[in-house]
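Here the structure comes first, spelled out in structure tokens, and everything after it is commentary.
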Amino acid sequence: MQPFAYSNSPYPIRSDLSEAYRHAWTKLAAPGTWWSGGARVAIAQEVRNARDCELCRARKAALSPFAPIEGAHNSTTGLAPEVIDVVHRLTTDPSRLTEPWLQEQLGSELSVGRYVEIISVVVTTLCIDSFHRALGFELEPLPEALPGEPSRHTPTGLEEKTAWVPMIETLGETEQDLWPQPRMANVIRAMSLVPDAVRLLKVLSAAQYVPMQDVPNAAADGGRAISRAQIEFIAARVSAINDCFY
Amino acid sequence: MNSQLAGETTNLDAIREGSGVTSGVPDGELLSRLVELTLDDSADNADELAGVRDAIVAAMDAPALVDAAAVIGNFQRMVRIADGTGIPLDKQVAMISADVRDELRLNEFGSANLTPAPGPIGRFLGRHLRPLLIKGIQMGRTQAAADD
């Protein structure tokens, strides 16, 4: 059976949601820009492991996320320990991450491109798993990784003055599809060091939020069964619980 | 403090304080409870979550529940992109939202220091040019969407 079939769902699932999730699973399994398919699926598994991680729970309760707390992450993959730590922190305590922390992580195992791709895999897994949790569904089994090499593509036109990671300021020839020039919101540009991460984000956002053309119109609900005010209220509550300023 | 949220008057305290506060948004308390229980990893709340789902289906309908769940997923993604990359608020948004951010005590969040606080002039302009700035943001994004 294909993933995200929802054949036993008591609720009608929009076909564009199923299609977006299947697209995301296909991308998750394939080699990315900096990680192999196997590593990407392992990162997704660590997102799920983080939910039941006692170390993450203790850290979240601590005054500082960097307080020395003994213990090991709840991990089942062969990823490097520093990568596992990054994945768990992004999953369970993202609002207390800092630029000095990120700079300390960057080294032999983790380039900034690899870090941005980790964010992409973490948020892709989490946004779909959260949908399932909200509806009481079992989590979709992770896909089988596909063989192949990462593309190692670095876009042109990057700037490094706005965020902790480089972002595209001027779209190059191979990135013209990311957004129309001249400007795009920072939250869309944020992962543009890995252009495929932005492409995947656009597919998921169009299905889970509202289609791109409806975003600027506060009266447009994208044909959803809840009003735009209800949509934005949910968005604000999710952001508040996550202590997200943006 | 009340504010306009997509055209509806909303009690901003409900965004920060949660489902115990009347929001002014239709079925806002149920939707807020759905968010809170979905995001709570610390307890086995499956039964309570099931009850909230039933209540939303009864009060609204099943497609509304599905769309609400999808929005929860979407913003679980967006908050981590923002916090993981250290982006500041876009300048125009920072100007027009200064008062609301104060009211919601968003400046207490650690990531708030990524966005420089607007000075008195910025706040004045944000308040008094708000409709124009919003229009500008909308026009820019509408053009972007059309070009897409």
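Brief remarks on what is shown
- Inter-chain neighbour count for A:183-190: the average number of beta-carbon atoms from partner chains within 10 Å of each residue's beta-carbon is 6.
- Sorted fewest first by neighbouring Cβ atoms within 10 angstrom, A:S227, A:S151, A:S192 come out as A:S151, A:S227, A:S192.
- Low-density loop cleavage sites - GluC sites (Glu not before Pro) in the stretch A:154-206, where at most 16 other Cβ are within 10 Å (DSSP): A:E160, A:E169
- Across the stretch A:91-246, Cα pairs under 8 Å and at least six residues apart give a relative contact order of 19 percent.
- Note on chain A: Cα Rg divided by 2.2 N^0.38 Å, N the number of residues, gives 1.02.
- Hypothetical label at B:N45: residues of the stretch B:18-34 whose amide nitrogen lies under 15 Å (7 Å Cα-Cβ projection): B:18-21, B:29-34
- Average beta carbon contacts from partner chains per residue of B:44-57, 10 Å cutoff: 1
- Least to most buried among B:D67, A:D196 (fewest other Cβ within 10 Å first): A:D196, B:D67
- Separation of the stretch B:14-43 and the stretch A:144-206, taken as the distance between their Cα centroids, equals 33 angstrom.
- Karplus (6.51, -1.76, 1.60) ³J(HN,Hα), θ = phi - 60°, over the stretch A:73-86, in Hz, Gly and Pro reported as x: 5, 6, 10, 10, 10, x, 5, 4, x, 5, 6, 4, 4, 4
- As a proxy for reagent exposure, ranking B:K91, A:K27 by other Cβ atoms within 10 Å from fewest up yields B:K91, A:K27.
Values quoted throughout were computed directly from the atomic coordinates according to the rules given, and no laboratory measurement underlies them. Values in this document were obtained by computation on a predicted structure and should not be read as measured data. Note that each Cβ is placed from the backbone with ideal geometry, even for glycine, and that neighbours are counted across all protein chains shown.
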